[in-house]
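Scroll down for the structure; my scribbles are underneath it.
The values are calculated or read from the model by the stated rules, or taken from the named source; none is laboratory data. Remember, it's a predicted structure, so these values are computed and weren't measured experimentally. Positions of Cβ are generated from backbone atoms using ideal geometry, with glycine treated the same way; all protein chains shown enter the neighbour counts.
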Amino acid sequence: MSDDERVQVDVIVVGGGPAGLSAAYVLAREGLDVIVIERGETAGSKNVSGLLYGTVLNEMMPGFYERAPIERSIAKRSIGFLGDGVQASICFGTDEWSDPPYNNTFMVYRSQFDKWFAGEVEEADAALLEGMVVDGLIYEGEDEQRKAVGVNIRDDEDFYADVIILADGANALVTSEVFEQLNMRRGKEPQSYALGVKEIIGLPREKIEDRFGLENNEGMAMDLIGSPFEGLVGAGFIYTAKESLAIGFAAKVESIAKCGRTPNEIIDGFKQHPQVRRLIQGGELLEYSAHLIPEGGYRAVPELIGNGVMVVGDAAGLVNMSLYHEGSNLAMASGKLAGEVAAEAKQKGDFSKRTLAAYPEKLEGTFVMQDLKKYQGVPEILDHIPGVFAEYPARACRLLVDYFRVSERSKAVIQKEALKNFLRGLPKIQFGRDLLRARKLM
Amino acid sequence: MNSIVIVREIWDTRDLVGDVVGGDGELKGNLLTRFEPEDLNALEMALQIKDQQGGKVTVISIHPSRDVDVLREALYRDVDEAIRLDDPQFAALDTLGMAHLFSSAIQKVGDYQLVLTGISIPEGENAFLGNQIATLLGLPHASYVDALEGIDETGVTCKRGIEGGYETVRLPLPAVLVVGVALLKDDPRTPRTAKARLKLKHRKTAIPTWGSADLDASHLTPVTTLVKRDTVPQREIESQSIDPEDEAALKAMLNEWRSLR
């Protein structure tokens, strides 16, 4: 490249999160000339933290968990219900989860993890341009022939590429404009978003391991629903890191707006629940953050390709918002596949929509689209069973507590009363219907 | 007009909550680094002179990069040469030792009219590095320089911050300028950002390293040594939350206040 020649490479990836980095990693390993443009000061600096499922990454970089900055591998999970003064939970795990590959479930701080991943991508010889913002794409041609040929970097020059992979995350400003420009099809339903709010609370390692019953680098992931999230379509979580806890919740944006409490008040209420308080007490607030999560699911997934572009990860709404809340793994799977297809397109010398169509076609056959399809009804179900996050859990808790209440009355009376309490004020038909619907959440 | 700029990588303590320094004087947590902002101002001054009058800009830094490599960042902003001073013997220098090393490196680069650096010295919590370099090189210097008013073969005119205002001074060349605090964001002198094309060009450019064999290494034993560090304990505030509906609790709180008075 001479100083006045325009910069033209094989692929430009917009966004240096797990999706974009996976695409770039595959492409660089195939020997393509690839540039990743990340608006954050460093890759991951615009992201938060949480669970990472590592199946796809392990395919790309076998044994990555030996080298990556992982806080803890998740050896135990629990699903808990919090009521007013009551609680219930199931906690499960197996010894296998404490050994490689650790059930492919890890707690990571994304600012560190993404940075490490970006380093591996650079090592594979992709160029990483951090702290640079893509304002939009550059197009050529009209109508059906119209295609994206480059990117416009804010306060800087234009760069050109044969294919542009859009990995600009949940708040996909660039992707959104590309849909207009290239007349790409939106999802059947508009995308909806959850707001994730998280605090990092510092605690000594021994305290964490004692309180959660962990050894060595074992970690625990707790999902919690119930009274702190009353009126919200959402739930809370606590994940253990080495010397800190990540605690927070994710809830549908509209439900937060409607519930009359600020995200801050919600998380405070969650932290003050007696069961939660004793897990975090004595801790020091180190950091807080918030992030948008696309949760429209399968029905909101748009067309994933256009002339010269492919959309991956959160920008494409590839998030499984069921109990698994799996996002980064889907992002990496889609990025990896898009990278492979772009490498094939380079070999053929054909970057038309027809060639790139291999990406969505192959994606259909992977767990990404299969899972999204299986859970496509989830957003609707959650909208229609307002009680699922607060009222039912509270009732279930109360049922257990009443059931085990020790007194001199006969067990038959106690049990009958417990059931009566559980059903009090509950319209039976609605309960039955909700129960049937909720089955699809599993 | 050739300039040499001394640039440093410092801990980024901007977003930290809580104590940064542990009881043993060691820095805690996952600290990242950043480009010393005053050094970035100094670099911008040198680059503006180069833009207007041509010439060469050389940057020198010390120690391996921890996180943000200021030398590479300077290359991304179009400096002509970047040099790293690095040697295991450079690990525990005091400010004077560092001034000796930098002076020696500046002489080795040679052919310069200006030496620029930022005022802050995070390593020693003092602002002497630029002044000591000037003294060792036997050059005139000005500190707290906020802007250059003019520069030609006969000298440099610069505006420096003083108590309650500014003064404009003129120095013959070569000279050492110690640049003041970070400029406002919309200031025309705001440091430029890295350029995408230069990032591509220089991401693998080899940066030469000079060690004790290349430099005057006669002042590597610190005159001043660190004995210990103490942190000032933060005032602890114990908060209590009381249910506003709970009258008894409110009364108890008022009584507690009264007893404290």
Check on A:Ala316, buried (at least 24 other Cβ atoms within 10 Å of the Cβ), over 24 Å from A:Gly196 (Cβ atoms) and either within 15 Å of the chain's Cα centre (by Cα) or of a type outside the set (Asp, Glu) (or both): no
In the range B:31-87, residue nearest to the other protein chains (Cβ to nearest Cβ) [restricted to those that are among the acidic types (Asp, Glu) and assigned to a helix (DSSP H, G or I)]: B:Glu73
Candidate set: the range A:12-43, residues that are more than 17 Å from A:Glu123 (Cα to Cα) and in contact with a helix residue (DSSP H, G or I) (Cβ under 6 Å, 6 or more places away or on another chain); chosen: the one surrounded by the most Cβ atoms within 10 Å (Cβ to Cβ): A:Ala19
Residues being buried (at least 22 other Cβ atoms within 10 Å of the Cβ) and either closer than 18 Å to A:Glu265 by Cβ or within 14 Å of chain B (Cβ to nearest Cβ) (or both) - total across the range A:204-224: 1
Residue match in the range B:6-20 (condition: in contact with a Leu (Cβ under 8 Å, 6 or more places away or on another chain), among the small types (Gly, Ala, Ser), at pLDDT 95 or above and not in a helix (DSSP H, G or I)): no
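Residues that are out of contact with any strand residue (DSSP E or B) (no Cβ under 8 Å at 6 or more places or on another chain) and more than 30 Å from A:Gly131 (Cα to Cα): does the range B:188-195 have at least one?
no
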Of all residues making up the range A:215-234, the number that are in contact with a helix residue (DSSP H, G or I) (Cβ under 7 Å, 6 or more places away or on another chain) and over 24 Å from A:Lys46 (Cβ atoms): 11
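Taking the criterion of being away from chain A (no Cβ under 14 Å), under 30 Å from A:Arg154 (Cβ atoms) and exposed (fewer than 11 other Cβ atoms within 10 Å of the Cβ), would at least one residue in the range B:240-257 satisfy it?
no
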Cβ-Cβ under 7 Å pairs, at least 6 apart or on other chains, the range A:192-221 side closer than 12 Å to A:Gly283 by Cα, far side in a helix (DSSP H, G or I): A:Glu199/A:Ile267; A:Ile201/A:Ile280
Qualifying positions in the range B:211-233 - surrounded by fewer than 10 Cβ atoms within 10 Å (Cβ to Cβ), among the hydrophobic types (A, V, I, L, M, F, W, C) and more than 24 Å from B:Val109 (Cα to Cα): B:Val223, B:Val227, B:Val232
Given (1) touching a strand residue (DSSP E or B) at 6+ places or on another chain (Cβ under 9 Å); (2) of a type outside the set (A, V, I, L, M); (3) surrounded by fewer than 21 Cβ atoms within 10 Å (Cβ to Cβ); (4) not in a helix (DSSP H, G or I), number of the condition A:Asn264 does not satisfy: (4)
Pick from the range A:239-261, criterion under 21 Å from the mean Cα position of the chain (by Cα) and in a helix (DSSP H, G or I), ranking: surrounded by the most Cβ atoms within 10 Å (Cβ to Cβ): A:Ile256
Output for the range B:130-157, where each listed residue is closer than 17 Å to B:Gly54 by Cα and not charged (D, E, K, R): B:Leu148, B:Gly150, B:Ile151, B:Thr154, B:Gly155, B:Val156
Any chance A:Gly50 is more than 17 Å from A:Pro18 (Cβ to Cβ) and modelled with pLDDT under 95: no
Qualifying residue in the range A:250-268 (condition: over 30 Å from A:Thr175 (Cβ atoms) and within 14 Å of chain B (Cβ to nearest Cβ)): yes
Of the criteria (1) crowded, with 23+ Cβ neighbours inside 10 Å; (2) over 24 Å from A:Gly282 (Cα atoms); (3) touching a Pro at 6+ places or on another chain (Cβ under 9 Å), which one A:Met184 fails: (1)
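Here is a yes/no grid of residues against (1) touching a Gly at 6+ places or on another chain (Cβ under 7 Å); (2) touching a residue at least 24 places away in the same chain (Cβ under 8 Å); (3) within 19 Å of A:Tyr53 (Cα to Cα):
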| position | (1), (2), (3) |
| --- | --- |
| A:Pro69 | no, yes, yes |
| A:Ile79 | no, yes, yes |
| A:Asp84 | no, yes, no |
| A:Ser89 | yes, yes, no |
| A:Trp97 | no, yes, yes |
Odd one out for A:Ile79, checked against (1) surrounded by fewer than 18 Cβ atoms within 10 Å (Cβ to Cβ); (2) among the β-branched types (Val, Ile, Thr); (3) more than 18 Å from A:Ile247 (Cβ to Cβ): (3)
One residue from B:Ala217, B:Ala252, B:Ala248 being closer than 30 Å to B:Leu136 by Cβ and among the aliphatic types (A, V, I, L, M): B:Ala217
Neighbours by Cβ (under 7 Å, 6+ apart or cross-chain): first from the range A:273-301, within 14 Å of chain B (Cβ to nearest Cβ); second acidic (Asp, Glu) and surrounded by 20 or more Cβ atoms within 10 Å (Cβ to Cβ): A:Leu285/A:Glu199; A:Tyr288/A:Glu199
Candidate set: the range B:172-200, residues that are crowded, with 19+ Cβ neighbours inside 10 Å and away from chain A (no Cβ under 14 Å); chosen: the one modelled with the lowest pLDDT: B:Leu183
When residues of the range A:115-154 are limited to those that are within 12 Å of chain B (Cβ to nearest Cβ) and of a type in the set (Asp, Glu), the one nearest to B:Arg72 (Cα to Cα): A:Glu130
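Hand me the list of strands (runs of 3 or more DSSP E) wholly inside the range A:32-112 holding 2 or more residues that are within 27 Å of A:Phe212 (Cα to Cα).
A:49-53, A:72-82, A:87-93, A:105-109
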Lone unmet requirement of (1) more than 14 Å from chain B (Cβ to nearest Cβ); (2) farther than 30 Å from A:Asp10 by Cβ for A:Met61: (2)
